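Peer 1: Quick one: this structure, given as structure tokens, is what I'll be asking you about.
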Amino acid sequence: MASPNQIIRRFTSLFVLPLLLGGGVLTGAGCVTDQQVIDQANAVHGQIEPTVIDTEDPELQAYVQRIGDRIVDAAEEMYQEGALDGAEPWMFEDVQFHLVASPTLNAFTTGGKHIYLYTQLFEESDSEDAFAAVVGHEFGHIVGRHVQDSMQNQYYTLGLAAGAGLVGAALAEDGKRTQTATTIGGLALAGGQVVGMSFGREAEREADELGFEFYVRAGYDPEKFSDFFKNLISQGHGGGGGVQGFLSSHPALEERVQTAEQRAAAVPADVRAKYAREPFVPSTRLAQYHRNSQTFTAQAAAAAKTGEVNAFTEALAILAAFPACVGGEADGVPPEESPR
């Protein structure tokens, strides 16, 4: 597994340096463009790709992609009807849904045309509907431009940190300027990140809302949208609120379940009948897919414990370091699965 310093260097090269150099954070350059997001997503994919299950089990990967395509097609139908303000045609073209080998319970998108579903999360989804709800949520982040918003927020955060550090250095005593600049800059950066997390909760809520609409249009059961979150709660996750709730980038699982149930109850019977479709595979076949997935999860867990540094273990480290998109520490998700 890559060391913490290696992870930091990798993340710096993938995210921080592009923000500083490409975004013009210190010079107040313009807003993040869709092309910047797409380019960054492609660059990150190159680092994660060793964990992608495709040639190892093409049938399993194809199944995940079919679910994703079904969600995207439903969203594109809404877009054609003028129901998705701010969306662009590129968002519905060649979106790739990657199943990645990892013992971490997570799913995320880097924007652009890449969405990652971890094998551990796939195995925790006890029905195709439950898994499709997560897929819809992740695609909701793309349509909602949440990656663009996050990148823009980081521009301001990094600029704030750098500016505060420079001011602190100017006011500090001789011989202490470097230390003062570092301390003040770090505090400002932390403050900016807390603000960013607050925006993140609203983005998560919007992704749930958009994902639910896509999910229903794709023919999945509205009543089952909250099943994945209910499963987490049944395993002892949940809670939130207080200081931890404020610092979490996600609404509490209980809130997400309650909101999803309210949305489901509001879906008219004729709408359910209009869009209802059968899952791609029966439960017996899904169980076999879960067993196949467990093989990859076990291999990834074993590789992570070896201490070896190679393309696969470095990719695993990046997957483990991504903020959780199914819940934060405030939701009771174990520390190894909470945002880093």
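The values are calculated or read from the model by the stated rules, or taken from the named source; none is laboratory data. Computed from a predicted structure; not experimentally measured. Using ideal geometry, Cβ is built from the backbone for each residue, glycine included, and neighbour counts are taken over all protein chains shown.
Peer 1: Pairs please, first residue from the stretch 218-230 and on the phi > 0 side of the Ramachandran plot, second anywhere and hydroxyl-bearing (Ser, Thr, Tyr) and at pLDDT 95 or above, Cβ atoms under 6 Å, 6+ apart in sequence or on different chains.
Peer 2: Cβ pairs passing all conditions: GLY219/TYR275.
A quick yes/no check of all residues on (1) in contact with a Phe, Trp or Tyr (Cβ under 6 Å, 6 or more places away or on another chain); (2) in a helix (DSSP H, G or I):
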| residue | (1), (2) |
| --- | --- |
| ASP54 | no, no |
| GLN61 | no, yes |
| ARG66 | yes, yes |
| ASP69 | no, yes |
| VAL72 | yes, yes |
| SER102 | yes, no |
| THR110 | no, no |
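Peer 1: For the structure I just gave you, tell me whether ASP39 is outside any helix (DSSP H, G or I) and surrounded by fewer than 17 Cβ atoms within 10 Å (Cβ to Cβ).
Peer 2: It is false that ASP39 is outside any helix (DSSP H, G or I) and surrounded by fewer than 17 Cβ atoms within 10 Å (Cβ to Cβ).
Peer 1: Within the bounds of the stretch 60-70, is there any residue that is closer than 19 Å to ARG145 by Cβ and either out of contact with any strand residue (DSSP E or B) (no Cβ under 9 Å at 6 or more places or on another chain) or small (Gly, Ala, Ser) (or both)?
Peer 2: Yes: one or more hits.
Peer 1: Another question, if that's okay. Within the stretch 237-253, is even one residue touching a Phe, Trp or Tyr at 6+ places or on another chain (Cβ under 8 Å) and modelled with pLDDT under 95?
Peer 2: Looking for residues that are touching a Phe, Trp or Tyr at 6+ places or on another chain (Cβ under 8 Å) and modelled with pLDDT under 95, one finds at least one in the stretch 237-253, hence yes.
Peer 1: Consider the stretch 26-36. How many of its residues are assigned to a helix (DSSP H, G or I) and either surrounded by 14 or more Cβ atoms within 10 Å (Cβ to Cβ) or touching a strand residue (DSSP E or B) at 6+ places or on another chain (Cβ under 7 Å) (or both)?
Peer 2: 2
Peer 1: Next question. Here's a check for you: in the stretch 278-303, which residue that is touching a residue at least 60 places away in the same chain (Cβ under 8 Å) and more than 19 Å from GLU56 (Cα to Cα) is surrounded by the most Cβ atoms within 10 Å (Cβ to Cβ)?
Peer 2: PRO279
Peer 1: Could you check ALA330 against (1) over 20 Å from SER102 (Cβ atoms); (2) modelled with pLDDT under 95; (3) not in a helix (DSSP H, G or I) and say which number it fails?
Peer 2: (3)
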